[in-house]
Amino acid sequence: MDLSEDPKLAAVRTEMPVLANWNYLNTGTAGPMPRPVATAVADAAAAHLGEPRTGRAYFDRVEEVKAACRRGIASMIHCEPEEVSLTHNTTEGMNLVTLGVNWVPGDEAVTTNVEHPGGLLPLWVASERFGVTVKTADLRSGADPLDAVLGQLSARTKLISLSHVSYATGDVLPVAEIAAEARARSVLVLVDGAQAFGAIPLDMSAMGVDFYALSGQKWLCGPEGTGALYSRRGSLSQIRVTFAGYGSMVACNDYGGWLVRPDSRRFEQGTMHLPDISGQLAALEWFTGLVGEDWAYARIQNLADRAMGVLGDVPGVEVITSERHAGLVSLRLASVDPEAVVERLWRRGVIVRSIESPMALRFSLGFFNTPEEIDSAALALGEELGALG
């Protein structure tokens, strides 16, 4: 497309230099880094060369940046800053909650079979360590997700752990409806929001979930090693602190006495890398400023719709993502290893990824992508499938 016809898109893409050389269709792993984010990271790191990483002024600066990040995230997901703790990734948040439940042998947790290992592995640890039974709702069969999840609940269920947007299929799960039913049964709901934050509008108050973990490097296009955990005020006391440090407490003594923070910051332990959180803050400001949330969400939806149609027309391709989607589009390939296709597309400058379970090829449609990039990727995919077939 002629970028002069869309000044905002032109301005956004100018701030993402990697797009000049790559057809970037893997934001679901890590989004392309914008200049303001790279600059913030570099400036914070450069300051360490001439300034001490200690002292009151430095520590105050760190706390200011952390507080600004919490406020920015809270604004995007519609909650209070006190309900946000900063983490290093979505997986950290999933672990903090899953392993903080007051488990006893025989308790049950419910998840699905379209989950990321970052949510599943903490459940396996809980099963091994505490004797928790993990029950899995089958969402690959085409069953209604709400019915499939609720059908696994019992009187022993303490936690539902699932994704808002499946990293594998790209489907948006009905977490608000699940949360409403779970609350009526006094069951906690923990959501992996890695593929939703920055891709679709989020409102924690309306959604009604207890905990929501997210990443900063994907759809927000921030640095790796950044993320957050939302903890609903009324649910916070039900999770024990698993990792404790300076950030977790108000005060402590040498004899086992300590006072945990009254808000979500109890899940923050110790030192955080100032360049990373400075980059996260810059990403929040850039995304909500120059990009604009509504514009980004609308583009992602429209581009994913287009991709489902264009990619679905490629011979040997079946789209497995449903109409309930965000920015991910997953494809089942006939008799072809998706990883082989990933490597061949990479050599053509097209960045996508493969999924192991279910075996699929995944495209991520970011707000910065263009229809022409989708069409070009579909053409390249068809040619490579033809060569492999």
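The values are calculated or read from the model by the stated rules, or taken from the named source; none is laboratory data. Remember, predicted model here, so these are calculated numbers, not experimental data. Counting neighbours? That spans all protein chains shown, and the Cβs are built from the backbone with ideal geometry, glycine included.
Could you go through region 121-139 and let me know if any residue there is without any contact (Cβ under 8 Å) to a residue 40 or more places away in the chain, under 20 Å from the mean Cα position of the chain (by Cα), surrounded by fewer than 20 Cβ atoms within 10 Å (Cβ to Cβ) and assigned by TED's automatic domain parsing to the domain that holds Asp263. There is at least one residue in region 121-139 that is without any contact (Cβ under 8 Å) to a residue 40 or more places away in the chain, under 20 Å from the mean Cα position of the chain (by Cα), surrounded by fewer than 20 Cβ atoms within 10 Å (Cβ to Cβ) and assigned by TED's automatic domain parsing to the domain that holds Asp263.
Would you pick out the residues in region 206-238 that are surrounded by fewer than 24 Cβ atoms within 10 Å (Cβ to Cβ) and more than 12 Å from Val189 (Cβ to Cβ)? Once the filter is applied, which keeps residues that are surrounded by fewer than 24 Cβ atoms within 10 Å (Cβ to Cβ) and more than 12 Å from Val189 (Cβ to Cβ), region 206-238 yields Ala206, Pro223, Glu224, Gly225, Arg233, Gly234, Leu236, Ser237. Looking at Ala251, Ala283, Ala298, just one residue is within 25 Å of Ser364 (Cα to Cα) and in the same structural domain as His88 (by TED's automatic domain parsing), and that residue is Ala283. Exactly one residue out of Ala251, Ala244 is assigned to a strand (DSSP E or B), surrounded by fewer than 21 Cβ atoms within 10 Å (Cβ to Cβ) and among the small types (Gly, Ala, Ser), and it is Ala251. Over 17 Å from Leu229 (Cβ atoms) and within 14 Å of the chain's Cα centre (by Cα): is that true of Ile200 in this structure? Answer is yes for this residue. Of the residues making up region 106-115, at least one is more than 18 Å from the chain's Cα centre (by Cα), within 28 Å of Val329 (Cα to Cα), modelled with pLDDT of 95 or more and of a type in the set (A, V, I, L, M). Screening Thr54 on (1) surrounded by fewer than 19 Cβ atoms within 10 Å (Cβ to Cβ); (2) β-branched (Val, Ile, Thr); (3) touching a residue at least 60 places away in the same chain (Cβ under 8 Å) shows it passes everything except condition (3).
Selection over region 163-186 of residues that are among the small types (Gly, Ala, Ser) and surrounded by fewer than 24 Cβ atoms within 10 Å (Cβ to Cβ) gives a count of 6.
Evaluate region 41-58: report whether one residue or more is part of a strand (DSSP E or B) and either β-branched (Val, Ile, Thr) or on the phi < 0 side of the Ramachandran plot (or both). Checked against the condition, which is being part of a strand (DSSP E or B) and either β-branched (Val, Ile, Thr) or on the phi < 0 side of the Ramachandran plot (or both), region 41-58 yields no hits at all.
As a summary of the residue check, Ala179 satisfies the conditions (1) part of a strand (DSSP E or B); (2) of a type in the set (A, V, I, L, M); (3) under 30 Å from Glu82 (Cα atoms) except for the one numbered (1). Under the condition of being closer than 17 Å to Arg13 by Cβ and either free of Cβ contacts under 8 Å to residues at least 60 places away in the same chain or surrounded by 23 or more Cβ atoms within 10 Å (Cβ to Cβ) (or both), the residues counted in region 263-290 number 3. Across region 187-205, the qualifying residues are those that are among the small types (Gly, Ala, Ser) and at pLDDT 95 or above, and the one among them that is surrounded by the most Cβ atoms within 10 Å (Cβ to Cβ) is Gly198. Is there any pair with a first residue in region 348-368 that is assigned by TED's automatic domain parsing to the domain that holds Val319 and a second that is of a type in the set (Val, Ile, Thr) and at pLDDT below 95 whose Cβ atoms are under 9 Å apart and which are 6 or more apart or on different chains, and what are they? Correct list of pairs: Leu361/Val336. Checked across region 60-68, the condition of being loosely packed, with under 14 Cβ neighbours inside 10 Å, more than 22 Å from Ala228 (Cα to Cα) and at pLDDT 95 or above holds for no residue. Among helices (runs of 4 or more DSSP H) entirely within region 254-363, having at least 1 residues that are closer than 19 Å to Gly227 by Cβ and of a type in the set (A, V, I, L, M, F, W, C) singles out 274-286, 293-312.
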